[in-house]
Amino acid sequence: MNTRDTGIDAARQAEVVAALARALPASSVLFQEEDTRPYECDGLTAYRERPMVVALPENEAEVQAVLRVCSALAVPVIPRGAGTGLSGGALPSRRGVLLSLARMKRILALDPIARIARVQPGVRNLAISEAAAPYGLYYAPDPSSQIACSIGGNVAENAGGVHCLKYGLTVHNVMRVRGVTIAGEVVELGSEALDAPGFDLLAAVVGSEGMLAVVTEVTVRLVPKPELARCILASFDDVEQAGNAVAAVIAAGIIPAGLEMMDRPATRAVEEFVHAGYDLEAAAILLAEADGTPEEVAEDLARMKAVLEHSGARNIRVSRDEAERLRFWAGRKAAFPAVGRISPDYVCMDGTIPRKRLAEMLRAIARLEQKYGLRCPNVFHAGDGNLHPLILFDANDPDQLRRTEQFVAEVLELSVAFGGTVTGEHGVGIEKINQMCVQFSPAELECFRGVKRAFDPDGLLNPEKNIPSLHRCAEYGKMHVQGGKLPHPELPRF
Amino acid sequence: MTDPVAALADAIRAAAASGTRLRVRGGGTKDFYGQALAGEILDTRGCAGIVAYEPTELVVTVRGGTRVAELEATLAREAQMLAFEPPHFGAAATVGGMVAAGLSGPRRAAAGALRDFVLGVRLLDGRGQDLFFGGQVMKNVAGYDVSRLLAGSLGTLGVIAEVSLKVLPVPVAEATLRLELPEDRAVETMNRWAGRPLPVSATAWRRGQLDVRLSGAEAAVRAARGRIGGEVVAPGEADALWRGIREHTDACFGAEAPLWRLSVPSATPPLGLPGDQLIEWGGSLRWLAADADARALRSRAAQAGGHATLFRGGDKSVGVFQPLAPAVAAIHRRLKAEFDPHGILNRGRMYEEW
């Protein structure tokens, strides 16, 4: 993790500022150090770089103007939503314009009959659900940062949340995106109908980390709020047992509204912080939620309880009321800040693996804790195999920083070796760009670059994120893992 | 035995070298769909079989040449299903063709489209390169979502050698109800249902009759029956009904007249079009069997915020698919050139010029 050199070419800066000043009001173009400093990082605070210029357009025409200027001057553009991203996708460039969509934060339309909301990119995720609440509707994806993160950023990252297994990710809940290409052209992808002619460019743009187009408007699907939700809190003496219980729930034909797991170091950290009432003696706890009509909830709860008991749960509690359900969740949702309290710094990983490899992964992480002398509490979206191990370290200690980076790299590479991916929902950004060389072959990476060229031939939109260059992979020098199989799988790797 | 994926890749490489155009084909059940067919047939059926299926992971990985019916039978043995309820249009339909066509059936409005269930692909591009995208896990944001980009690409970007799909448990209970309603009231009613937590899994309105299917937990289906009302359709009859809608054998799809598919926002009031109409997907999908003027129909659909496809029959010179906006069309052309630089794969199947 490094802070890049902040040297900015003053002449170039003056040129870009002058050109942007012809397109935007003066108050929408920032370049003085004290004004641009707040934009030097996103949620991945270990990486910082001061942007050459910050542009704050207020409408789509201004976004077009900024992109035309940048395109003409060949200036890189880094789009930014609320800046809560965890992978450095909005890390600025000292040679580039940081394009903040924060001023475009209006809900343009909400149609309770058609169950859609048309919003500007800077609208907060939770604000959509709040606006829809009077109609008994909500926007389903609920990343932990939902009080702050913006829908434009959610589109860029294909954000998930704790209810994805049943309700899907951003890509499943966004119907249409209006955006501007680097050439300054407006494109509409997807539709307020259920499909659109041609290729599914909407799917390509969702999760593209702001590298294909700048989002200026989003139509999201709203879904009826379940009449009732209740949550089971189950504790296990053994982490492996808890992992197997997750598979058993799914095998029983149940799709829980949420299925989360935390290990003992994680429950202990959060319990001190929020007093959720977790069983601190348990090696792991599971949160399993059922939602729907009262009839459905009763039926699903009974089935899940039976499965969890059969899987060896040592204690099972079912939320008696909404307050208790929210308390069960409060611990899980506060996991990151709680861990932040017990360590000067932490890094959150985001690999996803097939559920059946969960126990194996936990054992490997325990071994790596020993190897690197660092603690690593674990929280997981167990239902969809998405892991968030949190490595605790002190960034002021260069050796700890180095060990942390190696620890992260080993876990991510193991995720690929287990047939999974280096990132389930936080994005590649700058953080996991080296591991992309492990997950994908040179030809696959070149195909990604082809997709990029089709939208942005000159490579000006958020360059050097997400898709590593050939050169970068050559430097990193790790093996590519094909189809989840490492070459020579018989060799021990720890 | 030669590796069937390698055999397909060799055939693509040879065609690329000689500039031979290929027509990628599985069971040929969707030959009717898209613009004119051209090129030498590249038969994908040799590349068949289920690669991996673990019911507790809710994922199946299957080769493109596998028959859809075989895949569905395998899933049914574990009480699981393809939740997007794909149409087969014939027993020979293959999984690769299903993904390339990108079509979903009656459950689409409730469960999601085919593209929503695609988790990963093994793709042979127009150079014959063997490429893996996505994977077997539910959440994966590494790189661009090339897998979903292939859903509905009509084989113009590459040959789907393997695909990993999310599968779901078969609902425990199911019931179909029938109500008599005129078109405008039916559209309103379907939208109202969709805004409430009801287990509606399919809707179909035609000729003054609205059929609605409920799927889910036993108790939920029972409770919803009370709220929706109408007459219960006998289970056997209901199965035949939804199959007829999925497979277009229902009388409403017509036999002679061209079949138009209008995809519009769900709450769009009746379009006032001549001819026999069938409305699905809570109002979002309107089928019209009629000799209609393409230009008028497309402008009507666009006005409503949707698009019109000449799904089957008719004069394809009007263009099967709604024309794209120039900036979007340019991205399509560039994507095609990146994935298939020699322009050999299903050329002209989606839009004539490429």
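The values are calculated or read from the model by the stated rules, or taken from the named source; none is laboratory data. Quantities reported herein were computed from a predicted structural model and do not represent experimental measurements. Don't worry about glycine lacking a Cβ; one is built from the backbone with ideal geometry, like all the others, and counts go over all protein chains shown. Each accessible area value is taken on the protein alone, full model and side chains, heavy atoms only, with ligands, DNA and RNA left out. Shrake-Rupley method; radii C 1.70, N 1.55, O 1.52, S 1.80 Å.
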Proximal aspartates and glutamates relative to B:Lys166, as straight alpha-carbon distance under 12 Å, when same-chain residues fewer than 8 apart are discounted: A:Asp384, B:Glu54, B:Glu57, B:Asp116
Separation of the A:Ala395 and A:Ala330 label points, Cα + 7 Å toward Cβ, nm: 2.9 nm
Longest site-free stretch - chain A; sites: GluC sites (Glu not before Pro), DSSP loop, at most 13 other Cβ within 10 Å: A:1-280
Loop sites in the range A:274-356: chymotrypsin sites (Phe, Trp or Tyr not before Pro), DSSP, at most 13 other Cβ within 10 Å: none
Cross-link table A:Lys166/B:Lys139; B:Lys30/B:Lys336; A:Lys105/A:Lys465; A:Lys333/B:Lys139, entries beyond 23 Å C-alpha to C-alpha: A:Lys105/A:Lys465
Helix runs (DSSP H) in chain B reaching 18 Å along axis by Cα, Kyte-Doolittle at least -1.0: B:4-18, B:326-339
Crossing angle, helix A:442-455 versus chain A [Cα axis fit, 0-90 degrees, rounded to tens]: 50 degrees
Share, in percent, of DSSP beta bridges within the protein assembly as shown that are antiparallel, nearest 5: 90 percent
Nearby aspartates and glutamates by direct alpha-carbon distance to A:Lys452 (threshold 13 angstrom, same-chain neighbours under 8 apart not counted): A:Glu209, A:Glu444, A:Glu464, B:Asp145, B:Glu338
Accessible surface of the protein assembly as shown [probe 1.4 Å, protein heavy atoms]: carbon and sulfur percent: 51 percent
Degrees, to the nearest 10: A:294-310 long Cα axis against longest axis of chain A: 60 degrees
Helix A:358-372 vs. chain A, principal-axis angle (Cα, 0 to 90°, nearest 10): 70 degrees
Estimated buried accessible area (total), pair A and B, 1.4 Å, Å² to nearest 100: 6300 Å²
Largest-first ellipsoid semi-axes for the protein assembly as shown, taking √(5λ) over the Cα gyration tensor eigenvalues, angstrom: 39, 34, 28
Net dipole in debye of the range B:173-316 [+1 Lys, Arg Cβ; -1 Asp, Glu Cβ; about Cα centre; nearest 20]: 440 debye
Range in chain B, longest, excluding exposed GluC sites (Glu not before Pro) [loop by DSSP; at most 15 other beta-carbon atoms within 10 Å]: B:1-246
Cross-link reach list, aspartates and glutamates versus A:Lys371, counting only Cα pairs under 14 Å and skipping chain neighbours closer than eight places: A:Asp399, A:Glu405, A:Glu410
